[in-house]
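The values are calculated or read from the model by the stated rules, or taken from the named source; none is laboratory data. Everything quoted here is computed from the prediction, not taken from an experiment. Quick reminder, even Gly has a Cβ in these numbers, built from the backbone with ideal geometry, and neighbours come from all protein chains shown.
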Amino acid sequence: MIGAREASGIVTLAWRGLRRRPTRTGLVIAGIAVAIFLVCTVDAMSSGVKRATRAAAGETALVVYRQNRFCPFTSQLPQSYEQDIRNIPGVSTVTPVKIVVSNCRASLDVVTFRGVPAEDFARDHATETSPEAMKAWLSRSDAALLGPELAARRRLVGGDRFTAAGVDAFVAGVIESDTPQDQSSAFVHLSFLQEQLKRGGTGTVVTQFDVRVTDPARLEEVATAIDAHFAADQSPTTTRAETAHVARAATDVIALVGFAELLGLAGLAAVFALVANAIVLSMRSREREVSILQTLGFTRLHLALLVVTEAVLLGGIGGVIGALASYFTIAFVRTAMTMEGVSIAVPPSAFIAVLGVGLAMALSLAAGIVPAIIASRQSIVAGFRS
Amino acid sequence: MATVEPIIRCSSLEKHYERGGETVRVLEKLDLTITRGQFVALMGPSGSGKTTLLNLLAGIDRPTAGGLVVDGQDITTLSRAALAHWRARSVGYIFQLYHLVPVLTAYENVELPLYVHNISRRERHRRVCEALESVSISDRHAHYPSQLSGGQEQRVAIARAIVTQPSLLLADEPTGDLDRASAAGIMELLGRLHREHGQTIVMVTHDPATAVHAQRTVHLDKGRLVEPHGVAS
Ligand SMILES: Nc1ncnc2c1ncn2[C@@H]1O[C@H](COP(=O)(O)OP(=O)(O)O)[C@@H](O)[C@H]1O
Ligand SMILES: [Mg+2]
């Protein structure tokens with residue numbers, strides 16, 4: 001095989017070969033970077049969607065919604081249902097929630113106000129909220145605790161005021177939560193939100209009930225029981241697991257992201273084609289150089305490694321640029337896709353960035369193999385005659 | 001002169017090419033012995049097989065038949081990889097058209113063959129500087145081939161050929177593309193390498209004025225060797 005000194009010499013030579021052909025190298029790297037940017041960004045969106053909509057084992061959260069209503073403005077349920085739901089076997093906690101969104105359609109910058117009773121919120125979010133923030137929130141009727149994505153996106157901190165959807169609130173603090181639905185939410189007092197939005201119905205109307213069950217295995221059973229209980233009522237309900245609720249609301253977005261994933265695959269194909277094309281053209285114009293190296297004692301293995309190294313360097317550099325650009329774009333833009341009051345956050349992911357670089361390098365390696373074999377098999381004498 | 005060991009021994013060497021279903025016999029039943037330390041000029045009309053013979057001696061092409069022992073090695077039996085390793089150690093090749101790698105500087109071109117030798121960076125640097133100095137081109141380390149004159153390019157190519165300290169230096173019309181003054185400089189350089197380091201050189205030329213620098217001249221005609229003025233060794 002080859003020793004460490006030869007290997008480092010081959011990397012040096014490959015790197016020189018690329019650096020001394022800056023236009024060709026720059027164009028190929030730019031193409032790979034754009035493709036990997038696309039791949040990583042689509043992958044981040046797609047993993048955000050999966051995180052929010054895939055049914056998870058051990059899921060205990062249900063959402064009770066008005067039957068056949070698909071927007072927080074039209075889903076109206078009497079707050080008095082709370083007691084009925086609480087009495088259904090298997091239910092652990094019930095939180096009446098009033099949701100007001102700044103935009104009901106699919107959008108990237110939506111604020112979701114969640115009006116919840118103070119005691120329910122204090123119970124459910126104690127570990128995610130600093131004691132000072134919780135105290136500030138409990139002590140003011142117009143206080144809001146913000147989800148991390150929303151706070152980062154609007155650059156809000158405790159003590160600020162902000163207005164959205166006609167609601168003006170005081171920022172008591174920011175909660176630390178990984179839950180997708182919390183990301184773009186502003187938690188306010190239920191009575192405050194009901195008061196602010198008299199026009200949306202009477203004071204005792206809520207949008208939905210967030211229910212926790214005692215046992216994940218009973219999720220379906222409890223959901224059926226709740227809907228059965230209100231079936232004959234004036235406001236019948238539809239109860240779903242939280243992930244299913246998000247998935248239903250996000251149908252359009254899921255379809256779009258599915259299509260975007262195809263674009264991501266096209267991006268990967270582009271990386272392969274770009275590198276293969278660059279290396280094939282490059283080697284075709286360097287037959288003489290290959291013969292020179294062979295004359296100087298480079299073996300087939302040396303030559304094949306040289307070609308493959310050039311390909312992998314191209315893919316690696318382009319991949320790193322594209323993945324970093326995607327990571328920082330996502331981190332800076334802080335996108336959350338929100339529709340019908342549910343949110344899908346798109347968080348930056350170091351794992352996806354590393355995966356993107358790895359894919360770029362692996363595809364480049366694959367693209368370099370055939371040209372490497374061709375170069376290593378070249379007849380010395382024929383190369384000089386070309 | 002004491003018994004001198006041969007560095008090259010060709011016996012009944014043959015090289016044929018197939019071209020359009022027809023066999024072109026470039027070299028036929030060629031016998032040639034060259035002793036270590038000799039400077040041999042190989043002459044002959046264009047198309048007589050000079051480059052072909054040199055390529056066989058360098059191990060960059062394979063004979064169709066016959067024996068070929070170079071530097072103590074029967075190179076007809078070596079595998080491709082073994083032949084490459086052998087070339088790296090034993091042969092320095094100088095081309096008529098220099099064949100420097102255009103995207104590498106003079107220094108890097110000379111460094112090139114050392115990448116397949118297991119030597120340290122420091123040693124590599126020392127050898128490259130020494131080689132460039134011995135071809136009087138020390139002030140052009142960072143120049144690319146396109147920034148050098150033909151004579152300077154050929155000097156860099158010679159430095160690249162001798163930097164590995166090969167047993168055998170092969171040159172294919174090394175002055176064929178140069179003006180008179182540069183050609184004289186190159187011949188002076190080859191002569192000096194031969195005199196001062198006892199370097200074995202086989203040089204193809206069709207210029208009798210160039211051939212006078214050699215100790216011995218062999219003529220190749222229609223694939224056969226003719227030696228006009230006896231043997232110097
Ligand atoms: N690869 C090849 N295929 C076919 N014919 C070749 C090949 N290489 C050389 N020849 C032929 O062999 C003959 C000798 O070529 P060459 O050794 O280059 O001659 P010289 O160097 O003496 O001018 C020429 O007729 C040439 O056309
Ligand atoms: Mg020739």
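Under 22 Å from the mean Cα position of the chain (by Cα), more than 28 Å from A:SER92 (Cα to Cα) and crowded, with 19+ Cβ neighbours inside 10 Å, is that true of A:LEU146? Answer is no for this residue. Once segment A:282-302 is narrowed to residues that are modelled with pLDDT of 95 or more and not in a helix (DSSP H, G or I), the residue that is nearest to the other protein chains (Cβ to nearest Cβ) is A:GLY297. As a summary of the residue check, A:ALA311 satisfies the conditions (1) surrounded by fewer than 24 Cβ atoms within 10 Å (Cβ to Cβ); (2) farther than 24 Å from A:PHE351 by Cβ except for the one numbered (1).
The residues of segment B:90-111 that are touching an Asp or Glu at 6+ places or on another chain (Cβ under 7 Å) and within 7 Å of chain A (Cβ to nearest Cβ) amount to a single one, B:VAL101. Note on segment B:114-233: enclosed strands (runs of 3 or more DSSP E) holding 1 or more residues that are buried (at least 18 other Cβ atoms within 10 Å of the Cβ) and touching a Phe, Trp or Tyr at 6+ places or on another chain (Cβ under 6 Å) are B:168-172, B:200-204.
Scanning segment B:32-89 for residues that are charged (D, E, K, R), more than 10 Å from chain A (Cβ to nearest Cβ) and away from ligand 1 (no atom under 16 Å from the Cβ) yields B:ARG36, B:ASP71, B:ASP74.
Inspection of segment B:116-139 finds no residue satisfying the criterion of being within 13 Å of chain A (Cβ to nearest Cβ), in contact with a strand residue (DSSP E or B) (Cβ under 9 Å, 6 or more places away or on another chain) and modelled with pLDDT of 95 or more.
Residues that are within 30 Å of B:GLU28 (Cα to Cα), away from chain A (no Cβ under 14 Å) and not aromatic (Phe, Trp, Tyr) are absent from segment B:151-172. Only one entry of A:VAL333, A:VAL354, A:VAL342, A:VAL346 meets the criterion of being of a type in the set (A, V, I, L, M, F, W, C) and farther than 30 Å from A:THR112 by Cβ, and that entry is A:VAL354. For B:VAL103, the stated conditions do not hold, so it cannot be described as buried (at least 22 other Cβ atoms within 10 Å of the Cβ), away from ligand 2 (no atom under 16 Å from the Cβ) and either over 20 Å from the mean Cα position of the chain (by Cα) or of a type outside the set (S, T, N, Q) (or both). With respect to A:PHE272, is the statement that it is of a type in the set (Phe, Trp, Tyr), closer than 30 Å to A:SER8 by Cα and either surrounded by fewer than 18 Cβ atoms within 10 Å (Cβ to Cβ) or more than 14 Å from chain B (Cβ to nearest Cβ) (or both) true? Spelling it out, A:PHE272 is indeed of a type in the set (Phe, Trp, Tyr), closer than 30 Å to A:SER8 by Cα and either surrounded by fewer than 18 Cβ atoms within 10 Å (Cβ to Cβ) or more than 14 Å from chain B (Cβ to nearest Cβ) (or both).
Considering segment A:221-259, the residues that are modelled with pLDDT under 90, of a type in the set (Val, Ile, Thr) and touching a strand residue (DSSP E or B) at 6+ places or on another chain (Cβ under 7 Å) include one that is surrounded by the most Cβ atoms within 10 Å (Cβ to Cβ), namely A:VAL246. Looking across segment A:100-139 at every residue that is under 23 Å from the mean Cα position of the chain (by Cα) and among the β-branched types (Val, Ile, Thr), the one that is farthest from A:PHE209 (Cα to Cα) is identified as A:VAL110. Considering (1) within 16 Å of ligand 1 (Cβ to nearest atom); (2) free of Cβ contacts under 8 Å to residues at least 24 places away in the same chain, the lone condition that B:ARG192 does not fulfil carries the number (1). One residue is enough: does segment A:338-352 have a residue meeting the conditions surrounded by fewer than 24 Cβ atoms within 10 Å (Cβ to Cβ), in a helix (DSSP H, G or I), touching an Asp or Glu at 6+ places or on another chain (Cβ under 8 Å) and not polar (S, T, N, Q)? Yes, that holds for at least one residue.
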